[in-house]
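J.: Attaching a single structure in structure tokens format; questions to follow.
Read-outs throughout are calculated quantities, based only on the coordinates presented, and are distinct from any laboratory measurement. All values derive from a computational prediction rather than experimental measurement. As a convention, Cβ positions derive from the backbone with ideal geometry for all residues, glycine included, and neighbour counts pool all protein chains shown.
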Amino acid sequence: TTANRTKRSKGWIINDALRRYIEQEELKQRILAETQEALADIEAGRVVSGEEVMKWLETWGTAGETKAHLL
């Protein structure tokens, strides 16, 4: 059994499995919330075009380096 192989009690293995499951579910919820927030930003027009990003990146390391657009 896993308990014998790992030299852990069955209770420890169950608690560890539950802890990991809860962590995964919390991560899923955070990702979902961040995705919903990002979609709301897109719908509200709070975005920077890829073209604007590329123009900004081209200034990196030059005398004319510009700051990032803040929305």
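J.: Within the chain, what's the longest stretch lacking trypsin sites (Lys or Arg not before Pro) that sit in DSSP loops with no more than 15 other Cβ atoms inside 10 Å?
T.: Value returned for the longest uninterrupted segment is 9-45.
J.: If you don't mind, there's one more thing I want to ask. Which one, Ala68, Trp56, Ile14, projects farthest toward the positive side of the charge dipole computed for the chain from Cβ point charges (K/R +1, D/E -1)?
T.: It is Ile14.
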